[in-house]
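Following: one structure in structure tokens, then a few remarks.
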Amino acid sequence: MSEVLVLVDHLDGKVRKPTYELLTIAKRLGEPSAVFIGGADKVDDAVAAVKKYGAEKVYVVDDAEIKGYLVAPKAEVLQQIAEKLGDSGPAAILIPSNAEGKEIAGRLAIKLESGLITDAVDVSASEGGEGPVTTQSVFAGSYTVQAKVTKGTPIITVKPNSAAPEESEGKAEQEEFKATISDSAKKAKIVASQPRKASGRPELNEAAIVVSGGRGTGGDFSEVEGLADSLGAAVGASRAAVDSGWIPHAFQIGQTGKVVSPQLYVANGISGAIQHRAGMQTSKTIVAVNKDEEAPIFELVDFGVVGDLHTVLPAATEEINKRKG
Ligand SMILES: Cc1cc2nc3c(=O)[nH]c(=O)nc-3n(C[C@H](O)[C@H](O)[C@H](O)COP(=O)(O)OP(=O)(O)OC[C@H]3O[C@@H](n4cnc5c(N)ncnc54)[C@H](O)[C@@H]3O)c2cc1C
């Protein structure tokens with residue numbers, strides 16, 4: 001059975017859930033092989049983690065030479081592992097569908113002259129054994145598309161929460177892989193990085209008030225956060241905001257996110273798609289700010305403000321803070 005390479009998504013050696021989802025999907029397509037690019041001192045924990053979810057093999061790539069750089073070296077690592085597997089190659093390469101993963105996948109597809117599919121929400125083996133079939137949700141969820149890579153190694157980025165991780169013990173045979181990183185892959189360097197500060201806000205599931213932002217924020221959540229802080233509220237988001245990489249998935253409200261039922265829910269720049277409603281429509285009082293008076297969210301609100309959130313939210317925050325003071 002051919003290997004299916006899975007790029008391990010981890011934070012300083014701590015393997016993240018999307019990796020387990022990818023390993024679960026990889027099992028449907030062939031033999032899961034994890035590719036861990038990280039510090040030598042983190043290898044044991046990472047190998048133990050992926051072993052539990054069926055990794056038969058783990059390519060361990062010491063990141064000492066590349067950790068100060070952005071994504072280009074990782075694409076070279078995957079290219080070299082894929083080429084080492086020879087003509088039969090890997091059956092597929094699965095990469096988490098986040099900003100970094102999609103850039104790695106794009107670069108890798110060019111290097112391997114292979115087809116690429118991004119943002120799959122499901123992947124299955126095709127009946128004739130001719131490579132994986134993916135499912136994507138496009139045009140804001142109004143179409144579902146099935147697709148297939150027709151050239152080279154299928155490179156697929158898979159969205160988080162596309163599969164329920166299934167535990168199954170793999171052999172997790174370790175292979176140290178020494179990649180040769182070119183000078184051109186080292187042209188963008190990380191000069192500083194800081195972990196995100198703890199917010200001090202209430203937990204989304206438990207909060208009495210939730211203030212959410214959607215695509216209408218344009219990616220700047222500071223006004224949503226400002227209003228949330230003035231109300232002592234938790235911050236939530238639509239999937240469009242999460243998929244755009246503006247806010248982590250943990251904040252997503254809806255069918256494929258969290259279901260909340262606070263006393264007050266304030267939706268800002270959110271259209272009110274059915275999948276979003278599924279996560280908030282039982283809120284006691286619903287308020288929406290949207291510049292489009294026809295937006296479907298207004299069908300279910302108690303109070304609606306037709307206006308630009310960049311004007312409405314700072315004004316509301318200022319007024320609330322004034323009254324509190
Ligand atoms: C299987 C599946 C599961 C899904 N699960 C979820 C889920 O869990 N949660 C979820 O949210 N979605 C989910 N979706 C996606 C959902 O269908 C919508 O695409 C998504 O909710 C849209 O997010 P949005 O309202 O932020 O963006 P849009 O639909 O693009 O709406 C943006 C809104 O912002 C308004 N706006 C723009 N600029 C401003 C401004 N300056 N001031 C005020 N208003 C402004 C616009 O008028 C518009 O109404 C799912 C889809 C599928 C297919």
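Side notes on the structure shown:
- Among 53, 59, 143, the order of accessible area from largest down is 143, 53, 59, computed with a 1.4 Å probe on protein heavy atoms.
- Solvent-accessible area of the stretch 285-325 (1.4 angstrom probe, protein heavy atoms only): carbon and sulfur portion equals 51 percent.
- Whole-percent pair-distance distribution, where bins are 20 Å wide, for the alpha carbons of the chain: 30, 49, 20, 0
- Antiparallel DSSP beta bridges within the chain, as percent of all bridges there, nearest 5: 20 percent
- For the chain, the longest principal axis of the alpha carbon atoms and the long axis of helix 309-324 meet at an angle near 60°.
- Cα gyration tensor category, rounded, prolate or oblate, for the stretch 29-123 with a/c compared to 1.5: rounded
- Annotation: amide H of residue 3 within the under-5 Å range of 31, 91, sequence separation 5 or more or interchain, hydrogens built in the peptide plane.
- Accessible surface of residue 215, taken over heavy atoms with a 1.4 Å probe and every protein chain present, rounds to 140 Å².
- Accessible area of the chain divided out per residue, in Å², using a probe of 1.4 angstrom: 50 Å²
- For the chain, the longest principal axis of the alpha carbon atoms and the long axis of helix 72-84 meet at an angle near 40°.
- Cα long-axis angle, helix 222-231 against the chain (0 to 90 degrees, to the nearest 10): 50 degrees
- Summarising the amide proton neighbourhood of residue 122: residues at separation of 5 or more, or on other chains, whose placed amide H is nearer than 5 Å comprise 135.
- By accessible area, using a 1.4 Å probe on protein heavy atoms only, the stretch 98-156 has 51% of its surface on carbon and sulfur.
The values are calculated or read from the model by the stated rules, or taken from the named source; none is laboratory data. All values derive from a computational prediction rather than experimental measurement. Calculation scope for accessible area: heavy atoms of the full protein, side chains included, ligands and nucleic acids excluded. Shrake-Rupley method; radii C 1.70, N 1.55, O 1.52, S 1.80 Å.
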